[in-house]
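Each value in this text was obtained by applying a stated rule to the coordinates, not by laboratory testing. Worth saying up front: this structure is predicted, and the values here are computed from it rather than measured. Reconstructed Cβ throughout: ideal geometry from the backbone, glycine too, with neighbour counts over all protein chains shown.
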Amino acid sequence: MRPWRSRWRPGQGRHRLRHGLKHVVLALGVLLALYPVLWMVVSSLRPDGQIFGNPSILPTTFHVENYTYGWTALGRPFSVYLLNSAVVVLGSIVGNLVSCSMAAYAFARLRFRFQRTAFGYMLVTIMLPVHVVIVPQYILWAQAGLVNSFWPLIVPKLLATDAFFIFLMVQFIRGLPRELDEAARIDGAGHARIFLQIILPLMKPALATTAIFTFIWTWNDFFSQLIYLTDPQLYTVPIALRSFIDAQSTSSFGAMFAMSVVAIVPLVLAFALGQKYLVQGIATTGLK
């Protein structure tokens, strides 16, 4: 019989210690990142007088009246603002998916004059903040008589104005073999058929990434929606949440936090359901 040997290896204790410390640091980082969200959820169950005096994330009260009061505190059900945001988000997603995919196919597969110049100009627009172009855009929509409607928030998405998504899709299409296009051309297919029947079905990860990012950014957009929407009946969720804070009278922070929790539920669901496609879309386009 072989003599019994210990499985202990030199340095194994230090390795386990480092491994444990990494997990502790990661857990603390996750807790630090989630603390504002957890504090908001717990604060939505506290009376207004106890919210800012207690930084703990452990619930001690369950003041559910914040949810019932916040749902109708602005004079109309909060579902009106959720529906308005849903209309803007849905229009933005459809607009970005259609226009950006078509523009990306043109940059990735077609050859035309000033192609590189146009592509470079498109990339430059990524560095332009929205505050630079919001004034001329507002003047344009005001002259068209479309201010205080959803059109200024949806129509630009139909014109491929989000250069980030165009670049993401261009990178994805460039990774697809051109032999697919050549085989389709031999069968008599044109650019429209190649795009709709070959390229577009293979772009599902990039399209899903575009849809998820558009949903998150549009749902959380406050500045553009504040500029164009002045009728309370057309308010979206970010503007409605801002209405809970009144500088001239008492602010309902408990109700605001309660409706904020309601507002982040669609974001959490969208990210949870599309996380696989989001990671796959970013990884396959080389944006790591």
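The table below gives the values:
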read-out: Exposure proxy ranking, count of Cβ atoms within 10 Å, fewest first, for Ser43, Ser79, Ser99; value: Ser79, Ser99, Ser43
read-out: Cα radius of gyration and Dmax for region 12-68 (Å); value: 17.1, 56
read-out: Proxy reagent accessibility, fewest Cβ within 10 Å first, across Ile154, Ile199; value: Ile154, Ile199
read-out: Furthest towards positive pole of dipole, Pro156, Pro232, Met203, structure part the chain, Cβ charges; value: Met203
read-out: Radius 10 Å from Cβ of Asn66, net charge of other residues (Lys, Arg +1; Asp, Glu -1); value: -1
read-out: Reduced Cα scattering model of region 33-106, Debye log10 I(q)/I(0), q = 0.11, 0.18, 0.21, 0.23 Å⁻¹; value: -0.52, -0.82, -0.92, -0.99
read-out: Whole-number D in µm² s⁻¹ for region 73-284, Kirkwood Cα-pair radius fed into Stokes-Einstein, 37 °C, 0.692 mPa s; value: 171 µm²/s
read-out: The chain: calculated mean residue ellipticity at 222 nm from DSSP helix runs of at least 4, using -39500 (n - 2.57); value: -21000 deg cm²/dmol
read-out: Burial order of peptide ranges 121-132, 83-94 (average beta-carbon count within 10 Å, highest first); value: 83-94, 121-132
